[in-house]
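Worksheet for the structure shown next.
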Amino acid sequence: MSWGTELWDQFDNLEKHTQWGLDFLDKYAKFVKERLEIEQNYAKQLRNLVKKFCPKRSSKDEEPRFTSCIAFYNILNELNDYAGQREVVAEEIGHRVYAEIMKYSYELKAERKSHLQEGRRAQQYLDMCLKQMDSSKKKFERECREAEKAQQTYEKLDNDANATKSDVEKAKQQLNLRTHMADESKNEYAAQLQNYNAEQHKHFYIVIPQVYKHLQEMDERRTTKLSECYKGFADAERKVIPIISKCLEGMVQAAKSVDERRDSQIVVDCFKSGFEPPGDFPFEDYSQHIYRTVSDGTISTPKPEVSRIDPKITMGKAKGKLWLFGKKPKTSTPLWSPPGVCGPQSTLSDRDLVNEVVCRHRGASLRGLRRAWSLRMVSKVCWSVSHHANGPALEDFSHLPPEQRRKKLQQRIDELNRELQKEIDQKEALNKMKDVYEKSPQMGDPSSLQPKIAETMNNIEKLRMEIHKNEAWLSEVEGKVAQRSERRHSAEANHLVAQGRESPEGSYTEDANQEGRIQPQPAVHPEFDDEFDDDDPLPAIGHCKAIYPFDGNNEGTLAMKEGEVMYIIEEDKGDGWTRARRQNGEEGYVPTSYIDITLEKNSKGS
């Protein structure tokens, strides 16, 4: 099958077909270009999407910790890699398909033009040969007619008796001339005919088949190139399918890595304060003041024969205690409150908070009000710390709740240990370099390393001191957390026992006559103690002398030495503890059995 033999007379149609082939090639090139632009735009939009939803990490504290967040950010990373593969597809299509097609199309156009020009030149040469043959043919025909006329004229004169001999001779010469010219025209015509036939044979059997063969090869190469481009177009995407599959597999693995239990534990670790839950509000038996019997030096169990207390004095005392909270209204501070009560944030002033506590706990003693106040202030601080509302952090993190403080201290200790290890490694490297310099002085001066070594040693010492200081703070926090945990477990174990009162040391007295118990509130930061300081100290109702020494290690207690004399500012409520004050104004609870009490007569019932 060959165009030269099968389509020898279809030059115009072959010219149109080859032009259509080049146009189709350009059309496919345009398709490839638009496809790679789609891939590029798709990859760009994917990257913009990833960038939009990726976290903007300004500090380590804002790094994602929850497994659901980490999984989502891993999915974003995989999607970013997926976008990169789409860019690879676009780049592969652009270089291996579109660029080659455009280059090949330009080459084919030039080659087609050359082959068509060669075919046209061959056709023009054949047409020229045809014209020459036709011209010689016509000349031969014309000369033959002239020779025939000359022969007729000669025969006519030769038969005419009246014709002169000269006329006959002239006619004979003319006949000979025309005959000779006819012979020459015949020979020329024969030569031109033979030449044309040869050229025509060469044209239709050699030249044109060769031109058509080149055009056929060109068209077949065009078709083959399209086939290769089709395959390359598919291979460009097929090559990235394994990587895309890994990206999708990574997204699936990220989804499987989500752990709801771990996220819940992270929430606990992040927001756990370490404070104990508030205890039950005690039953305040005001009738015990009615039946109190005064003894010589001790406070005994209330008896029914004691006379009633003057209401004015009682109200005066209560009023004096509540005057503690009657400070000027402070600037509104965001306070935490349970959801559904007053929203996640409230702007109640301190006075409003006191009024709320008093309204909710009417009839409670001053200690109950102080404890309720402390609990609300602790919640306030927890919320403020978690939202960075308390101003600059303290070096020992004492502004944080116990559990968060322990966590921060542990993180700082780990960071300091890493820095210490770096300094130690640097010191060892400097010492090795110094040894090399000492053994080979031409490499350097050992004394030049001494300042750097001294600086490193100084840094190591500072880091060790800092680690020791933070470890001391951590030990203090861990000791308090453990102590609170023991007290909490003790409270849970005794909650099912008959109602009693909790001492400042955290133990319960199993006194069946008492109708309530008081659980001391864990101490808060000194900045909260300022909220409860009285402008005027509570009046002394007597004095006491220490019979035995007491260390007062527990919170809320007061240490004392044997024989030390102190003021009594609140009597024993039946829990075995009496509130006392030193000469310097320091207040706290001391065991009633450790002191000898003497009440002032004019302070009875106050």
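In region 224-246, which residues are closer than 24 Å to residue 16 by Cα, open to solvent by 20 Å² or more (accessible area, probe 1.4 Å) and in contact (Cβ under 8 Å) with a residue 12 or more places away in the chain? Residue satisfying the conditions is 225 alone.
Yes/no matrix, rows are residues, columns are (1) among the hydrophobic types (A, V, I, L, M, F, W, C); (2) modelled with pLDDT under 90:
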site: 207; (1), (2): yes, yes
site: 219; (1), (2): no, no
site: 241; (1), (2): yes, no
site: 247; (1), (2): yes, no
site: 267; (1), (2): yes, yes
site: 275; (1), (2): yes, yes
site: 290; (1), (2): yes, yes
site: 295; (1), (2): no, yes
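In region 159-172 there is at least one residue matching the filter, namely being more than 17 Å from residue 11 (Cβ to Cβ), outside any helix (DSSP H, G or I) and open to solvent by 80 Å² or more (accessible area, probe 1.4 Å).
Remark: pairs (first residue in region 140-151, under 16 Å from residue 170 (Cβ atoms) and part of a helix (DSSP H, G or I); second residue open to solvent by 100 Å² or more (accessible area, probe 1.4 Å) and not hydrophobic (A, V, I, L, M, F, W, C); Cβ separation under 8 Å; 6+ apart in sequence or on different chains) are absent. Considering only region 417-435, I want to know if a residue exists there that is assigned to a helix (DSSP H, G or I), under 26 Å from residue 268 (Cβ atoms) and either among the hydrophobic types (A, V, I, L, M, F, W, C) or in contact with a helix residue (DSSP H, G or I) (Cβ under 9 Å, 6 or more places away or on another chain) (or both). Scanning region 417-435, I find at least one residue that is assigned to a helix (DSSP H, G or I), under 26 Å from residue 268 (Cβ atoms) and either among the hydrophobic types (A, V, I, L, M, F, W, C) or in contact with a helix residue (DSSP H, G or I) (Cβ under 9 Å, 6 or more places away or on another chain) (or both), so the answer is yes. Quickly run through region 541-572 and pick out the residues that are within 13 Å of residue 592 (Cβ to Cβ), among the small types (Gly, Ala, Ser) and either touching a Lys or Arg at 6+ places or on another chain (Cβ under 7 Å) or open to solvent by 30 Å² or more (accessible area, probe 1.4 Å) (or both). Across region 541-572, the qualifying residue is only 546.
Candidates are the residues of region 68-88 that are out of contact with any Leu (no Cβ under 8 Å at 6 or more places or on another chain) and among the hydrophobic types (A, V, I, L, M, F, W, C); the one that is nearest to residue 245 (Cα to Cα) is 75. Of all the residues in region 573-588, those that are in contact (Cβ under 8 Å) with a residue 24 or more places away in the chain, of a type in the set (Lys, Arg) and buried (at least 19 other Cβ atoms within 10 Å of the Cβ) number 2. Each residue in region 1-18 was checked for being touching a residue at least 24 places away in the same chain (Cβ under 8 Å) and of a type outside the set (A, V, I, L, M), and 9 pass. Screening region 457-481 for residues that are of a type in the set (Val, Ile, Thr) and within 18 Å of residue 407 (Cβ to Cβ) and picking the one that is surrounded by the fewest Cβ atoms within 10 Å (Cβ to Cβ) gives 481. Scanning region 546-564 for residues that are among the hydroxyl-bearing types (Ser, Thr, Tyr) and part of a strand (DSSP E or B) returns a single hit, 557. The residues of region 1-53 that are of a type in the set (Ser, Thr, Tyr), open to solvent by 70 Å² or more (accessible area, probe 1.4 Å) and over 20 Å from residue 213 (Cα atoms) amount to a single one, 42.
Would you mind stating whether residue 156 is closer than 24 Å to residue 197 by Cβ, of a type in the set (Lys, Arg) and assigned to a helix (DSSP H, G or I)?
Numbers: closer than 24 Å to residue 197 by Cβ: no; of a type in the set (Lys, Arg): yes; assigned to a helix (DSSP H, G or I): yes.
Criteria not met by residue 156.
The values are calculated or read from the model by the stated rules, or taken from the named source; none is laboratory data. Predicted, not measured: the structure shown is a model, and the values here were computed from it. Because the Cβ atoms are built from the backbone with ideal geometry, glycine has one as well, and the counts that use them run over all protein chains shown. We work out accessible area using only protein heavy atoms, side chains counted, and drop any ligands, DNA or RNA first. Shrake-Rupley method; radii C 1.70, N 1.55, O 1.52, S 1.80 Å.
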